[in-house]
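Encoded as structure tokens, the structure appears first; notes follow it.
The values are calculated or read from the model by the stated rules, or taken from the named source; none is laboratory data. Note that the coordinates shown come from a computational prediction; the quantities given were computed from them, not determined experimentally. All Cβ positions, even for glycine, are placed from backbone atoms using ideal geometry, and neighbour counts span all protein chains on display. For accessibility, only protein heavy atoms count, side chains too; no ligands or nucleic acids. Shrake-Rupley method; radii C 1.70, N 1.55, O 1.52, S 1.80 Å.
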Amino acid sequence: MWLLYEKKSISKTMQKIPVQIRKHYELWKRIVELEGPAGLKLIKGFHDEALKGKWLGFRSSRLSLQWRVIYKIEKGNLEVYVIDINPHQY
């Protein structure tokens, strides 16, 4: 079982995002806790991918067409650190 840690600002962000996105995030968290990041690849809707540039080493998963969750994996300890939930900038 994987451990999931959230940055302190995530609780503040959760109050501002739409209810549907919160529900998708809760589902995302359950999948990560039970299956780890590999479980996200089994569900195409999350479109999990590695980031580049200044976010090198981080990953992004789609919660909706607009909203993303950004996180980092520590494989040695089976830990996932959620850094941000934000609307994707196009």
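State the number of residues belonging to segment 26-56 that are more than 13 Å from the chain's Cα centre (by Cα) and either over 19 Å from His88 (Cβ atoms) or part of a helix (DSSP H, G or I) (or both).
Here the count works out to 7.
Scan segment 33-90 for residues that are among the hydroxyl-bearing types (Ser, Thr, Tyr) and open to solvent by less than 60 Å² (accessible area, probe 1.4 Å) and report the count.
Residues that pass the stated criteria total 4.
Can you spot a residue in segment 80-87 that is part of a helix (DSSP H, G or I) and at pLDDT below 95?
no
Taking the stated definitions as given, is Arg68 part of a strand (DSSP E or B), free of Cβ contacts under 8 Å to residues at least 24 places away in the same chain and basic (Lys, Arg)?
yes
For residues that are within 15 Å of Glu74 (Cα to Cα) and among the aromatic types (Phe, Trp, Tyr), scanning just segment 1-32, find the one that is surrounded by the fewest Cβ atoms within 10 Å (Cβ to Cβ).
Step by step, filter segment 1-32, then rank; the result is Tyr5.
May I ask you to say which residue of Lys8, Lys29 is in contact with a strand residue (DSSP E or B) (Cβ under 7 Å, 6 or more places away or on another chain) and of a type in the set (D, E, K, R)?
Exactly one of Lys8, Lys29 is in contact with a strand residue (DSSP E or B) (Cβ under 7 Å, 6 or more places away or on another chain) and of a type in the set (D, E, K, R), namely Lys29.
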